[in-house]
Amino acid sequence: DIAVISLGGTVVNTSLKIAGDDFDEAIVRYVHNRYGLIIGRQTAEQMKIAIGTADPALAGGESMPVKGRDTVKGLPRTQKITAREVYEAMEETLDEIIASLQRVLENTPPELVGDVYDTGILLTGGLAKLRGLDRRIVQKAGVTCRVAERPEDCVALGTAKASRYVKIMSAGVYDINQFSYRLSDVDV
């Protein structure tokens with residue numbers, strides 16, 4: 001989800017049907033097409049976490065051995081995959097996310113777009129931990145980025161916090177300032 005939020009409400013947003021699994025699938029396809037090696041999504045996720053990057057400049061000489069099944073012989077085989085190759089596998093999916101972000105910024109009212117450029121973008125979710133994602137967004141969209149504290153836990157922690165204020169929030173009007181908190185304040 002990509003959204004511009006102001007005064008406690010969503011101003012512009014879009015929801016993509018792209019998640020971490022799509023990146024894993026892209027890596028699985030890449031390894032299959034390039035090396036004739038069948039790997040699972042769990043292996044692809046491990047590659048994404050260990051050597052994945054959203055910025056090709058960060059894809060140095062890192063690599064990792066990946067075990068899978070040879071498509072021709074049907075036997076186990078190990079193939080060395082580089083960080084650059086993982087980037088190439090994920091590049092198209094990354095571009096979709098950046099394009100959607102740019103569309104949201106284009107549709108943001110002029111009064112608020114300046115605020116977005118001043119305060120930047122907050123990245124949440126597990127994908128926010130992908131090396132260089134913030135840097136890529138800065139390069140492509142020209143907006144500063146920061147990664148939330150414990151980004152993979154943001155939805156759960158936000159839901160826990162919001163559950164304390166269900167009655168107030170269901171009324172539809174509330175003062176956003178009363179909800180300010182740090183992640184360490186939430187009891188989960």
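Values for this structure:
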{"item": "Nearby aspartates and glutamates by direct alpha-carbon distance to LYS161 (threshold 14 angstrom, same-chain neighbours under 8 apart not counted)", "result": "ASP153, ASP185, ASP187"}
{"item": "Computed [θ] at 222 nm, helices only, for the chain once each DSSP H run of length n ≥ 4 contributes -39500 (n - 2.57)", "result": "-14000 deg cm²/dmol"}
{"item": "Trypsin sites (Lys or Arg not before Pro) restricted to the stretch 28-121 and DSSP loop, no more than 13 other C-beta within 10 Å", "result": "LYS73"}
{"item": "In Å², nearest 10: area of CYS154 left accessible to a 1.4 Å probe", "result": "30 Å²"}
{"item": "Cα-centre dipole for the chain with unit charges at Cβ (Lys and Arg positive, Asp and Glu negative), debye to 20", "result": "720 debye"}
{"item": "FRET efficiency estimate (nearest 0.05) - Cβ-Cβ, GLU111 to ILE49, R0 45 angstrom", "result": "0.70"}
{"item": "Accessible area expressed per residue, the chain, with surrounding protein chains retained (probe 1.4 Å, Å²)", "result": "60 Å²"}
{"item": "Residues of type lysines that LYS17 reaches as a straight line, Cα spacing below 20 Å, ignoring anything fewer than 8 places off in the same chain", "result": "LYS48, LYS129"}
{"item": "Probe 1.4 Å, all protein chains present, accessible-area order of GLU149, GLU62, largest first", "result": "GLU149, GLU62"}
{"item": "Heavy-atom accessible area order for TYR117, TYR30, TYR87, largest first, 1.4 Å probe", "result": "TYR117, TYR30, TYR87"}
{"item": "Residue-level accessible surface for LEU122, protein heavy atoms, 1.4 Å, Å²", "result": "90 Å²"}
{"item": "Counting all C-alpha pairs of the chain, share separated by more than 22 Å (%)", "result": "55 percent"}
{"item": "Inter-label distance for THR10 and GLU25, nm, one decimal - labels placed 7 Å from Cα along Cα-to-Cβ", "result": "2.2 nm"}
{"item": "Potential lengthening between VAL155 and ASP95 on full extension [0.36 nm per residue; Cα-Cα distance subtracted]", "result": "19.2 nm"}
{"item": "Helix 154-163 axis, angle to the chain major axis (alpha carbon atoms, nearest 10°)", "result": "30 degrees"}
{"item": "Antiparallel DSSP beta bridges within the stretch 45-145, as percent of all bridges there, nearest 5", "result": "80 percent"}
{"item": "With Cα atoms, 0 to 90° folded angle of helix 20-35 axis to the chain main axis", "result": "20 degrees"}
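The values are calculated or read from the model by the stated rules, or taken from the named source; none is laboratory data. Note that this is a predicted model, so its numbers are computed, not measured. As a convention, Cβ positions derive from the backbone with ideal geometry for all residues, glycine included, and neighbour counts pool all protein chains shown. Only protein heavy atoms, including side chains, enter the accessible area calculation; ligands, DNA and RNA are left aside. Shrake-Rupley method; radii C 1.70, N 1.55, O 1.52, S 1.80 Å.
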